[in-house]
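Quick note: the coordinates plus some simple rules give every number you see, no bench work behind them. Since the structure is predicted, the reported quantities are computational estimates derived from the model, not experimental observations. Cβ placement follows ideal geometry from the backbone for every residue including glycine, while neighbour counts extend to all protein chains displayed.
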Amino acid sequence: MWQLWQTYSSLLKGSTQGLSASEVAIRRGLFGQNRAEVPVKSHGQLLLDEVLHPFYIFQIWSVVVWYLEPYILYASTIAIISIISALFSLFSTRRNLLNMQAMAQFTCKVTVVRRRSDSTANTASPPQRLRVCSSQLVPGDVVIVDDHMLFPCDMVLCSGNVVVNEAMLTGESLPVLKTAIPVCHDTCYDAESDKRFTLFCGTKAMEARRMGGERVVGIVLRSGFDTAKGRLVRSILYPKPSSFKFYADSFEWGSCGRSQLLSNTVWGSCGRSFCQIRCGRARRHSQRL
């Protein structure tokens, strides 16, 4: 997050000045572009991940065993069903990744307020308004909020009121009223407790209301995967590891199967050796007689 624990007064002051070109370049180098790029694996990588799943390893081992018995028809049936299931899972996973990528990679044109040069930070020279792509936004940028605007990043509302539809994030069908941060010199902004002042990425402005003739503006707080929408996408792509009893049973069954196979192999080798020894002794005994 950009500059934690800023006071309301410093945020309001920054909303009237904007950033200079050099500050934008420095912050873009630190935070990167305002994008949430979702990697999509190729068909070969997805197929390899699917085949290395414990279930399919068990299926391959079963097919090999039944072919050696030989139960050709049964083994062929298991192999065909497993291949169809793996291909279906592969195409389904890739389609979901492509849909996730299309949802996460959102860009639009926004109007930002920026200083004309570094020397105008403390002068009366008015800042300029630029129309830029939302991927070029950096934390600290001042963005003008318009009606029906889909927010490309998390912002702190500094002037005016905004009626926001947050159904994309919270599922709440009723619109939420966002108000500007109050004029208070000592209070620090907190992202968790001051959500009523925060415009979250992925939500939509239904109406932007001016107060006293001033334009509705907000300061970029988070960008990319650090936004609320970015964290949601990241939790879907990389969920917390979960343990299923089926996986544990599969590994235990595989370990028992390998142990049994090894013991059967050793026992069979010992039995053959013992039979060969007995046959050799019987032949020598018969030759003596």
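Under the convention that each Lys and Arg Cβ holds +1 and each Asp and Glu Cβ holds -1, the size of the dipole of segment 8-127 around its Cα centre is about 940 debye.
Using a simple spin-label model with pseudo-atoms 7 Å out from Cα toward Cβ, Asp186 and Ile81 lie 7.3 nm apart. Where does the charge balance sit around Thr198 when Lys and Arg score +1, Asp and Glu -1, over other residues with C-beta under 12 Å from its C-beta? Local charge sum for Thr198: -1.
Note on segment 1-152: the C-alpha convex hull projects to 13.6 nm² when averaged across all orientations.
For segment 115-228, averaging the sequence separation of C-alpha pairs within contact (under 8 Å, six or more residues apart) and dividing by the residue count gives a relative contact order of 40 percent. For segment 38-104, the relative contact order comes to 51 percent (Cα pairs under 8 Å, sequence separation of at least 6). Separation of the alpha carbons by more than 22 angstrom is noted, of Lys178/Lys229; Lys109/Lys195; Lys204/Lys240, for Lys109/Lys195; Lys204/Lys240.
The trypsin sites (Lys or Arg not before Pro) found in segment 1-108 that occupy coil by DSSP, while having at most 15 further C-beta atoms within 10 Å, are Lys41.
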